[in-house]
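A.B. asks: Before we start, here is the structure in question, set down as structure tokens.
Where a number appears in this text, it was derived from the coordinates with a stated rule and is not lab data. On a predicted model such as this, the values are computed, not experimentally measured, just so you know. Positions of Cβ are generated from backbone atoms using ideal geometry, with glycine treated the same way; all protein chains shown enter the neighbour counts.
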Amino acid sequence: MISAAGRLAIVLLAVCAAGCARSRSEDAQLAGGPAYFGDVTPPEHDVFTFNLGAEPESFDPALATGQPDGRVCRLMFEGLTQPDPRTLETRPAQAYRWDVSADGLTYTFHLRPGLTWTDGHPVTAEDFRWSWIRVLRPETGSRYANLLGSVVNATAFTNGELTDERQVGIAAPDDSTLVVRLAAPTAYFLDLTQFYTLLPVPRWTIEQHGNRWTQPANVVSNGPFVLRTWRQNDRFEFTKNPRFWNAAAVRLAGVVGLSLDDQNAATNLYKAGVIDWQPGGYLPSTFIPSLRRYADFVHSGYQGVYFYGFNVTRKPLDNLWVRRALSYAIDRDAIATDLLKKSRDPWGNMTPTGFPGYQHPEPVRFDPELARQYLARGGFPGGRGFPKLSILISTSEDLRRMAEAVQAMWKRELGIDVTITNQEWGSYMQATKSLQFDIVSRSWIGDYLDPNTFLSCFVTGDGNNRTGWSNPGYDQRLRAAAAELEPARRLATLSEAEAILLDESPVAPIYHMATNELIKPYVRGLYPTPLNVHPLTYLWIDRGAPAGATASHQVR
Amino acid sequence: MTRFLIRRLLTIVPTLWAIATLTFFMLRWAPGGPFLAERDIPEGVRAQLEHTYGLDRPLGEQYLTFLGRAVRFDFGPSYKYPARQVREIIAGALPVSLELGALALLVALLIGVPIGVVAAVRHNRAEDHAAMGLALAGVSIPNFVLGPLLVLVFSLGLFVLPPALWRGPESRILPVLTLSTAYVAYIARLTRAGMLEVLRQDFVRTARAKGLPEHQVVMRHAMRLGILPVVSYLGPAAARILMGSVVVESVFQIPGLGRYLVNAAFNRDYTLVMGGVLFYAAFLLILNLMVDVAYTWLDPRVELA
């Protein structure tokens, strides 16, 4: 007789054997072919499933504030222009062409004929005008209202100094023409029209349903996909929009975005073949070294810089030589290579790579001898008498390890002691904004492909400056660049400004951001891009692709 | 009984008020705020946002408004998710947490009580040692270790169960197992201790003397009193397990309440935190009351006054 426990063991063994027989090897691999991380069986239907990274806060374009929000908005709505999936250059979308006046101040967009919303209303230039004015209205509460800051009277309107919306430089003289007047030439204005904040929204639906207009039952949109279901903290399901002007070119039948905020769980779902794309920023950093060998792992540069900011309103950081000494004593190579396992690149500039035509000024570098000389000139030879400063970080294992590395470098090279202060996010933000720190760990990510998105932060009094630093020569160059119409001269002026910033060192750049993502080999049309922006409209699932796995059991 | 209920219900009100007040002021005194972000918000927009949420009013006035609304369980819109009412968020996430918790509690009882009874009946024998060894292991393994281990074996190794998400019956298995393990262990120990004490008492001896078969003595007579410690443990345990386990919901990415509340605190989402805390407190107080009532039913010696 077999005991109950014995029988249970047999059943378990049988389950295990069945499971093992069905499962593929740890990594799907063809004989001699590339290795992939987990299941590579294409989905049965043309439905693309990806990780949104977190629950979107809002999918009303005017209120959307981050990557997850933006991705949902861009599936549902289409703007005047759209980014090229590879280069992010501005391409026609709802507008099929545009003219820019010779003085660079007037942009005239021409909409395609026959555009419609999902409820059959025609898409008109007035819809765009109303949507953009809505972004600017203070009562809308759009955090990106200043994207339109270069438009005539836009800032005054947002700050409530002007209440007549007709005085704002956005007009729709007829149904298919949108005219935008700028207060000063803005080289990157066209790029801004790709941004999700400026997507058009349906006025009548918003007026009828108020802030519930984005509910799946109410929402009316004009983009490639329609929102069918939304379950909070779980998933968004979209199906193809047959009324979309370019529906014939849309090959996916649907898209599913999962609100996954745990990076390990999301990576497991990718491995099990439930999600087809683990976008940049959502891979646990400890996984990266071991993921490198897989063919579906994609590493690329990202328009972002990680840096330390110095509070120049505090002693001794008001001293130029002290700031330079600290910056030159940071071994950026060691941080990127040893600590971050080459998942990032060491970087000594405040603007990242990837701006065509922009010449970076001389970067700051690791030079301990020079750093010691600077510190001596600052009044602290050998680090003697240097007060105990603190590095402020927000709670994160990686940030702490980095701060500890910098702490050790400064001790070793300069003979000074610093402490590390760790605060949870809310307190950290408050401290950073109100200059309640000595040295702060920060990063900045570009909104559009232009050095201006990095350099404008450090203009005197800018809300994102957060160092207390002010330099008239720097401010003057940023103003001059904004008014400059000739692209090469404009970039040269910005480069001069960056040289001032690096020379004055209110900030010490440390590494260039990178995206590390996982893309299933059967996904086509999805490319790494410098802004981690990925137009998903024209993706497709390639069923002919690698056929690596012998999967019969789909965990979904 | 009625007097008891009324008295207890009356003490719940000041308790909730104290919790609400403490939470309200602790949140406001925490540095940072809901509208602080890496990217600066235009001044006009910030002023408008603060006005919309009443943050530009004196703190005392904000507090009174908050209390007035809280009585009706209205906390207004979430700060982080401006298009959603706190009430809706809780209503949407609660059923998920309740389902996960109820299943886990059920599993814990179905496994834990029998293990405890067997251990007590077979006191100091091999079965007892095995059961208590298992219980010790169950209590000692934290959720955040057990969950990923189960995922590693069943999802990434055997490919038989999904590694995460809350979709379809098969997705329930791993999270429920993970969540129930610690409770199984605890319930087994409580049952064993309770049963050991009861089995030594006179009325059990009487029952045996009457010639009742042993299983009847244990199941019908001893069990009813022996599981009293489990019942009193169930109140707080149910409140904890039903309101969502932050760890299990996060490991398995389950759209329950626990995940929301923790994120809300980090985001300084004042309204969502307040709504969540008060809801949780009320839930806990009411469950404790129910446990007291259940006591009288199980143990005739207990009188409510």
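A.B. asks: Taking R0 as 51 Å, what FRET efficiency do you get between residue B:283 and residue A:239 from their Cβ-Cβ distance, rounded to the nearest 0.05?
C.D. replies: Computed FRET efficiency for residue B:283 and residue A:239: 0.85.
A.B. asks: Let me make sure I get this right: for chain B, a, b and c are the square roots of the gyration tensor eigenvalues over alpha carbons, sorted descending. Under 1.5 in a/c it's rounded, otherwise prolate if a/b > b/c, else oblate. Which is it?
C.D. replies: oblate
A.B. asks: Let me ask something else about it. Using Cα-Cα distances under 8 Å and only pairs 6 or more residues apart, what relative contact order does region B:92-267 have, in percent?
C.D. replies: Once divided by the residue count of region B:92-267, the mean separation gives 36 percent.
A.B. asks: Taking Cα centroids, how far is region B:57-78 from region A:461-504 in Å?
C.D. replies: First find each Cα centre; the distance between them is then 46 Å.
A.B. asks: Quickly estimate the mean residue ellipticity at 222 nm for the protein assembly as shown, helices only: each DSSP H run with n ≥ 4 gives -39500 (n - 2.57), and the total goes over all residues, rounded to 500.
C.D. replies: -13500 deg cm²/dmol
A.B. asks: Considering only C-alpha atoms, what is the centroid distance from region B:94-127 to region A:272-304, in Å?
C.D. replies: Distance between centres, Cα-based: 41 Å.
A.B. asks: Figure the gain on full extension for residue A:246 and residue A:412 (residue separation times 0.36 nm, minus the Cα-Cα span) and round it to one decimal in nm.
C.D. replies: Extending this stretch completely gives an extra 53.7 nm.
A.B. asks: Right, here's the next one. Looking at this model, which pairs from A:341/A:520; A:271/A:341; A:315/A:341; A:240/B:80; A:315/A:342; A:341/A:411 are more than 25 angstrom apart at the alpha-carbon?
C.D. replies: A:315/A:341; A:240/B:80; A:315/A:342
A.B. asks: Relative contact order for chain B using alpha-carbon pairs under 8 Å, separation at least 6, rounded to a whole percent?
C.D. replies: Reported as a whole number, the value is 27 percent.
A.B. asks: Further question on the same structure: From the square roots a ≥ b ≥ c of the eigenvalues of the alpha-carbon gyration tensor of chain A, which class results: rounded (a/c under 1.5), prolate (a/b over b/c), or oblate?
C.D. replies: oblate
A.B. asks: Once you place label points 7 Å from the Cα toward the Cβ at residue A:384 and residue A:232, how far apart are they in nm?
C.D. replies: 6.4 nm
A.B. asks: Between residue A:204 and residue B:69, how high is the FRET efficiency from 1/(1 + (r/R0)^6) when r is the Cβ-Cβ distance and R₀ = 35 Å? Nearest 0.05.
C.D. replies: Efficiency at R0 = 35 Å is approximately 0.65.
A.B. asks: Taking square-rooted eigenvalues a ≥ b ≥ c of the alpha carbon gyration tensor, is region A:78-119 rounded, prolate or oblate, where a/c under 1.5 means rounded and, failing that, a/b exceeding b/c means prolate?
C.D. replies: oblate
A.B. asks: Next question, about the same structure. Taking every DSSP beta bridge that has both residues in region A:304-513, what percent is antiparallel when rounded to the nearest 5?
C.D. replies: If I count the DSSP bridges inside region A:304-513, around 65 percent turn out antiparallel.
A.B. asks: Taking 0.36 nm per residue of sequence separation and subtracting the Cα-Cα distance, how much length would be gained by fully extending the chain between residue B:106 and residue B:140, in nm to one decimal?
C.D. replies: Roughly 10.2 nm would be gained on extension.
A.B. asks: Moving on. Taking R0 as 56 Å, what FRET efficiency do you get between residue B:88 and residue A:377 from their Cβ-Cβ distance, rounded to the nearest 0.05?
C.D. replies: For residue B:88 and residue A:377, the calculated efficiency is 0.35.
A.B. asks: Students often get this wrong: which residues of region A:380-402 have the backbone nitrogen under 20 Å from the point 7 angstrom along Cα-to-C-beta of residue A:353?
C.D. replies: none
A.B. asks: Please state the relative contact order of chain A as a whole percent: Cα pairs under 8 Å, 6+ residues apart?
C.D. replies: Computed value for chain A: 20 percent relative contact order.
A.B. asks: If I fit a long axis through the Cα atoms of helix B:43-52 and take the longest principal axis of the Cα atoms of chain B, what angle between them do I get, 0 to 90°, rounded to 10?
C.D. replies: 50 degrees
A.B. asks: Still on this structure: Give me a comma-separated list of calculated 3J(HN,Hα) values for region B:105-118, in order, Karplus coefficients 6.51, -1.76, 1.60 applied at θ = phi - 60°, integers in Hz, x for any Gly or Pro.
C.D. replies: Computed from phi, the couplings for region B:105-118 are 5, 4, 4, 4, 5, 5, 9, x, 5, x, 4, x, 5, 4 Hz.
A.B. asks: Another one. How much length would be gained if the chain were fully extended between residue B:152 and residue B:5, taking 0.36 nm per residue of separation minus their Cα-Cα distance, in nm to one decimal?
C.D. replies: 48.1 nm
A.B. asks: Work out the charge dipole of the protein assembly as shown with +1 on the Cβ of Lys and Arg and -1 on the Cβ of Asp and Glu about the Cα centre, then indicate which of A:75, A:418, A:249 is farthest towards its positive end.
C.D. replies: Ranked along the dipole, the leading option is A:418.
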